[in-house]
């Protein structure tokens, strides 16, 4: 997929996208919403994918689960991938099920050799099943682990080197995580393995007060992209290779389509300036 901007495909925009066919490089879906037999979601996806490349961004694979990835989930994803032929397939560096329980969240894991071996096994299984390399997204985090053995950047680099997977760089996640941990996002990005990045996500987040004037940032994809994230994108996008698609994410209470298109236009201007 070439450099360009896309948005998340939401049911409230199906008809408008088909009628207007806005100038977008791609559309992205959460495959879990389409792992069904028939129905309106698949009907519209089939129509829309003939006009736009589709990217799939999973939220339920649980790559970090010690119990391994769920075979039924993987089978359904594989079926959807075969029928839809997406340009990219990505997942989160997180876990969401264990000991028979499923958690509707993207939970973090420590950056240890044990976690690395676990993720390697799960990623190999997914890639072998799908017959393609997947992208793994850096998480937004709210805690750190005392037993971390590697930095997040080194962990991701090693994961790519040992599995062949690529990276989805979420710049909003970088800003949220580094802000929550009182770290410098530019120092983080200066050590990021950009040579493996094949997609970028930009999104909004919320800020909530804590005690003693402290705040916490929550990655909720429910607002416009903040100025700090735009600035980081502008500064660090040139570190990527040229063919990097950029997605505007807005999953919580999606706005009117024109709001998303305006955000995409801002990203396009930054891309244009990067290649001047």
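No lab work stands behind these numbers, since they all come straight from the coordinates. Just so you know, these numbers come straight off a predicted model, no measurement behind them. All Cβ positions, glycine included, derive from the backbone under ideal geometry; neighbour counts span all protein chains shown.
Numbers for the structure displayed
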{"read-out": "Contact order relative to length of segment 138-276, as percent, for alpha carbon pairs under 8 angstrom and 6 or more apart", "value": "22 percent"}
{"read-out": "Relative contact order %, segment 93-216, counting alpha carbon pairs below 8 Å whose residues are six or more apart", "value": "23 percent"}
{"read-out": "Relative contact order of the chain, pairs being alpha-carbon contacts under 8 Å that are 6 or more residues apart, as %", "value": "19 percent"}
{"read-out": "Stretchable slack from residue 102 to residue 20, in nm (0.36 nm times residue separation minus alpha-carbon distance)", "value": "25.6 nm"}
{"read-out": "Residue 154-residue 262 FRET efficiency (beta carbon distance; Förster radius 30 Å; 0.05 resolution)", "value": "0.20"}
{"read-out": "Whether segment 142-276 is rounded, prolate or oblate, judged on the alpha carbon gyration tensor where a/c under 1.5 counts as rounded", "value": "oblate"}
{"read-out": "GNM top mover of 169, 80, 202 - the chain, alpha-carbon springs below 10 Å", "value": "80"}
{"read-out": "Inter-site label distance for residue 190 and residue 161 at 7 Å from Cα along Cβ, in nm", "value": "2.1 nm"}
{"read-out": "Potential lengthening between residue 71 and residue 147 on full extension [0.36 nm per residue; Cα-Cα distance subtracted]", "value": "24.3 nm"}
{"read-out": "At 0.890 mPa s and 25 °C, Stokes D of the chain from Kirkwood alpha-carbon radius, µm² per second", "value": "128 µm²/s"}
{"read-out": "Efficiency of FRET between residue 85 and residue 212 - r from beta-carbon atoms, R0 51 angstrom, step 0.05", "value": "0.45"}
{"read-out": "Value of [θ]222 nm, deg cm²/dmol, for the chain, DSSP H segments ≥ 4, -39500 (n - 2.57) each, nearest 500", "value": "-11500 deg cm²/dmol"}
{"read-out": "For segment 178-253 and segment 109-144, distance of Cα centres in Å", "value": "20 Å"}
{"read-out": "Peptides 25-33, 113-121 ordered by average Cβ neighbours within 10 Å, highest first", "value": "25-33, 113-121"}
{"read-out": "Cα gyration tensor shape for segment 112-173, rounded if a/c is under 1.5, else prolate or oblate", "value": "oblate"}
{"read-out": "Residue 41 versus residue 241: modelled label distance in nm, points set 7 Å from Cα along the beta carbon direction", "value": "3.2 nm"}
{"read-out": "Burial order of peptide ranges 263-273, 37-47, 9-19, 207-217 (average beta-carbon count within 10 Å, highest first)", "value": "263-273, 9-19, 37-47, 207-217"}
{"read-out": "Gain in span if fully extended, residue 253 to residue 272, counting 0.36 nm per residue against the direct Cα distance", "value": "3.9 nm"}
